[in-house]
Each structure stands twice: as C-alpha cells, then as structure tokens.
Amino acid sequence: MSARRNRSARNAEAARALIGRVLERLSPPARLVITLLELEDRSVKEISKLTGWSIPLVKVRAFRARAEMRKILSRIAKEKYL
C-alpha cells in the first residue's frame, strides 16, 4: 500500500471515529434527524412521514441538530488541543 493510500485510509478512519463521537453526544432527536437526513440521505418529506413530525419541525430539528454538532465539534477540538 502506498504512503498516500495509507494516509488516506487513516484519515477516513479518523473521520469515522469523529463522526461517531459527535453522534453519540447528540440528543436523541438530533441524532435521529442527522442520521436520516445526512447519513441515510432521506428527504425532509420522508423523515416527516417516518417520524410523524411536520415538515417545518423536521427542518427546525435539522437546523438545531447542526448547531448542536458545531458546539460538540468545538468542544472536541478544545479537548484535543488543550
């Protein structure tokens, strides 16, 4: 395996680990909406049907979940570099 491939594989593994850490720290509704929207690539309409939430509520929860993720990532970065 070339050095570039090896580095790429390590970076991919680190990204997966970071995503896992962020997801486990999210609130359950935030984790659900991010998983469905971003990881499973479902539409807002599909999520609305699956969860029983209104379309505007799905959008609000996705917005709030992303904000929650930014805060968590910020905390993780501080933990790592302090």
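Provide a single number: the residues in segment 16-26 that are open to solvent by 40 Å² or more (accessible area, probe 1.4 Å) and either touching a residue at least 40 places away in the same chain (Cβ under 8 Å) or over 11 Å from the mean Cα position of the chain (by Cα) (or both). First the steps, then the outcome.
Filtering segment 16-26 for residues open to solvent by 40 Å² or more (accessible area, probe 1.4 Å) gives 16-19, 21, 24-25.
Narrowing further to those that are either touching a residue at least 40 places away in the same chain (Cβ under 8 Å) or over 11 Å from the mean Cα position of the chain (by Cα) (or both): 17-18, 21, 25.
Here the count works out to 4.
Go through (1) modelled with pLDDT of 95 or more; (2) touching a Ser or Thr at 6+ places or on another chain (Cβ under 8 Å); (3) surrounded by fewer than 17 Cβ atoms within 10 Å (Cβ to Cβ) and name the single condition K45 misses.
(2)
Return the total of residues in segment 1-38 being farther than 25 Å from K59 by Cβ and among the hydrophobic types (A, V, I, L, M, F, W, C).
8
So L32 fits all but one of (1) crowded, with 17+ Cβ neighbours inside 10 Å; (2) closer than 17 Å to L73 by Cα; what number is the exception?
(2)
So if I check each of P29, P56, which one is on the phi < 0 side of the Ramachandran plot, in contact with a helix residue (DSSP H, G or I) (Cβ under 7 Å, 6 or more places away or on another chain) and outside any loop (DSSP other than H, G, I, E, B)? Before the answer, list the steps.
Values: P56 fails: in contact with a helix residue (DSSP H, G or I) (Cβ under 7 Å, 6 or more places away or on another chain).
After applying the criteria, what remains is P29.
Where the second residue is basic (K, R) and exposed (fewer than 11 other Cβ atoms within 10 Å of the Cβ) and the first is in a helix (DSSP H, G or I) and lies in segment 62-75, which pairs have Cβ atoms under 8 Å and are six or more apart or on separate chains?
none
The values are calculated or read from the model by the stated rules, or taken from the named source; none is laboratory data. Bear in mind that the values here come from a model prediction, so they are computed numbers and not experimental data. Counting neighbours? That spans all protein chains shown, and the Cβs are built from the backbone with ideal geometry, glycine included. These accessible areas exclude ligands, DNA and RNA; they are computed on the full protein's heavy atoms, side chains included. Shrake-Rupley method; radii C 1.70, N 1.55, O 1.52, S 1.80 Å.
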